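What follows is a set of notes on a single structure, which appears directly below.
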Amino acid sequence: MLPIPYPPSTFPGLEAPLSGFRLRPAGESDAPFLRRLYRSLRADELALSGWSTEQKTDFCDGQFDLQHCDWVSRFPRAWFLIVSHRGHPVGRFYVDPPGDSFHVIDIGLLPKWRDQQLGSALIGTLQGTAKACGRAVTLSVLHTNPRAQTFYRRLGFKAEVAVSRHLPMRWVPDAQL
């Protein structure tokens, strides 16, 4: 297992999105959970691979290492946050705060916590922070993920000009419309 570097946290303390939940900076001790979470996020596509459980685990662990190292290098001031419920990690919420917007790098939740309004609550919490600061919220969604596009549109995001495989989306506070 490769060591997973986390930049020093400048996390200002977003409010917990729902009762019983907490957001905290990720650390080295979260690596096993984050790897398990990543495997769960890829489970549907890998179910079609015909690979053994060990092959899927090795593949996902390698992909997680590459993804995380890329994000840490591209977003050195990002908030790499763990979403926990009553002390148990249930997801990740990665946000890059510099510039005129907060950029959502990723939201990932364990299967049990998907479709439970937690993702909406996380984005809503960030939108509240952004509105208080007079800033936008941006993110990118794969063109091949219409479910996520619909989710973000429902939360007030507007599509921008498509770039490569991703569709950039932006939410601005009412005062900036």
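Observations, loosely collected:
- When the chain is treated as a Gaussian network with alpha carbon springs shorter than 10 Å, the biggest mean-square fluctuation among V161, V90, V104 belongs to V161.
- In a simple Cβ point-charge model (Lys, Arg +1; Asp, Glu -1; nothing else charged), the chain has a dipole of about 460 debye relative to its Cα centre.
- Kirkwood Rh and Cα Rg combined as Rg over Rh, evaluated for the range 21-176: 0.96
- Choice from S101, S120, S52 showing the highest fluctuation, given a GNM over the chain with Cα pairs closer than 10 Å: S52
- The trypsin sites (Lys or Arg not before Pro) of the range 82-177 that meet both conditions, a loop assignment by DSSP and at most 16 other Cβ atoms within 10 Å of the site Cβ, are R86, R114, R165.
- Taking every C-alpha pair closer than 8 Å and separated by at least 6 residues, the mean separation divided by the residue count of the range 21-176 gives a relative contact order of 18 percent.
- Part-to-part distance (alpha-carbon centres) for the range 142-172 and the range 85-139, which is given in Å: 15
- Dipole of the chain computed with +1 at Lys/Arg Cβ and -1 at Asp/Glu Cβ about the Cα centre; of S140, F102, L155, farthest Cα towards the positive end is L155.
A short reminder: the numbers here are calculations on the coordinates, not readings from a lab. The structure presented is a predicted model; accordingly, all values stated were derived computationally and were not measured. Cβ coordinates were reconstructed from backbone atoms using ideal geometry, including for glycine residues, and neighbour counts include every protein chain displayed.
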